[in-house]
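The values are calculated or read from the model by the stated rules, or taken from the named source; none is laboratory data. Please read all numbers here as calculations on a predicted model, not as lab measurements. Note: ideal-geometry Cβ built from the backbone for every residue, glycine included; neighbour counts use all protein chains shown.
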Amino acid sequence: MRKVLVLEDETNIRSFVVINLKRAGYDTIEAGDGEEALAQIQKNPDIKVALLDIMLPGDMDGFEVCRRIRAGNSQIGIIMLTARTQEMDKVTGLMTGADDYVTKPFSPAELTARVDALYRRAGGSPAALSPDEISQPPFLLNTRNRTLEKNGRRVKLTQVEYAIVKLFMDNPGKALSREEILEAVWGREYVGELKIVDVNIRRLRVKLEDDPQNPAHVSTVWGYGYKWDV
Ligand code: CA
């Protein structure tokens, strides 16, 4: 659902990027040269962000790939992967179609922060939606009223359940550890047991799932925590 294209010919850098994006909850589509990248964009119109290396084998460099992607798609977010040795003047001058650039070597945190930011912009809520609402069909969360609807019907939640759903909807597709959920919802000072998370998840499933025994939205990540699927 959260698809990112990774165009990079050096396989070790590409797998580093892919591993870290996957960890952050993204689906990655890989390409080793420009032709392949453009073919993947054609095949996966739901790609929202593309990471493009500049120096590539073949006829097209990253700038050319960027131009061609941009020519057919104004919505996609594009981040150029640049090397420190490349003259920045040239890079920024040629970056007309790109939204951002990251200089190698970059940290996983830096990379995912940039992708997150662009993803939100490129793939964020449709303009018609008020900023107080998060729509992830069949769910609609209103952060001002702190209410949740499923298929247009109000689901009654406790404040704790609401906070968990909000955390999930802010992190779709991302595996969240039980510790992470505990800290985000109950706060750092909370000195209870992790089990409280499971108890609330169980209750949430009864409220949110068509079949709580076979959850379609709140899935278990064994030995770790939970993941929100929409
Ligand atoms: Ca390269």
Problem - Test: Ala175 is under 23 Å from Ala24 (Cβ atoms) and in contact (Cβ under 8 Å) with a residue 60 or more places away in the chain - result: yes
Problem - Identity of the residue in the range 40-83, more than 14 Å from the ligand (Cβ to nearest atom) and over 22 Å from the mean Cα position of the chain (by Cα), that ends up modelled with the lowest pLDDT - result: Gly72
Completion exercise
Sole miss for Leu157 among (1) in contact with a Leu (Cβ under 9 Å, 6 or more places away or on another chain); (2) loosely packed, with under 15 Cβ neighbours inside 10 Å is condition (2)
Problem - Single condition Arg121 does not satisfy, out of (1) surrounded by fewer than 16 Cβ atoms within 10 Å (Cβ to Cβ); (2) free of Cβ contacts under 8 Å to residues at least 40 places away in the same chain; (3) not aromatic (Phe, Trp, Tyr) - result: (2)
Problem - Matching residues in the range 1-34 - criterion: being part of a helix (DSSP H, G or I) and either of a type in the set (Val, Ile, Thr) or away from the ligand (no atom under 15 Å from the Cβ) (or both) - result: Thr11, Ile13, Val17, Val18, Ile19, Asn20, Leu21, Lys22, Arg23
Exercise for the section: Determine whether the range 21-33 contains at least one residue that is within 23 Å of Arg120 (Cα to Cα), modelled with pLDDT of 95 or more, touching a Ser or Thr at 6+ places or on another chain (Cβ under 7 Å) and of a type in the set (A, V, I, L, M, F, W, C). Expected result: no
Practice task
Could you please find all residues in the range 175-197 being at pLDDT below 85 and either within 22 Å of Arg23 (Cβ to Cβ) or charged (D, E, K, R) (or both)?
Solution key: Arg188, Glu189, Glu193
Exercise for the section: Would you mind stating whether Arg146 is loosely packed, with under 15 Cβ neighbours inside 10 Å, at pLDDT 90 or above and not assigned by TED's automatic domain parsing to the domain that holds Arg14? Expected result: no
Handout entry: Identity of the residue in the range 132-181, hydroxyl-bearing (Ser, Thr, Tyr) and under 14 Å from Ile201 (Cβ atoms), that ends up farthest from the chain's Cα centre (by Cα)
Key = Thr158
Handout entry: Selection within the range 84-101 - at pLDDT 75 or above, touching a strand residue (DSSP E or B) at 6+ places or on another chain (Cβ under 6 Å) and not in a loop (DSSP other than H, G, I, E, B)
Key = Asp100, Tyr101
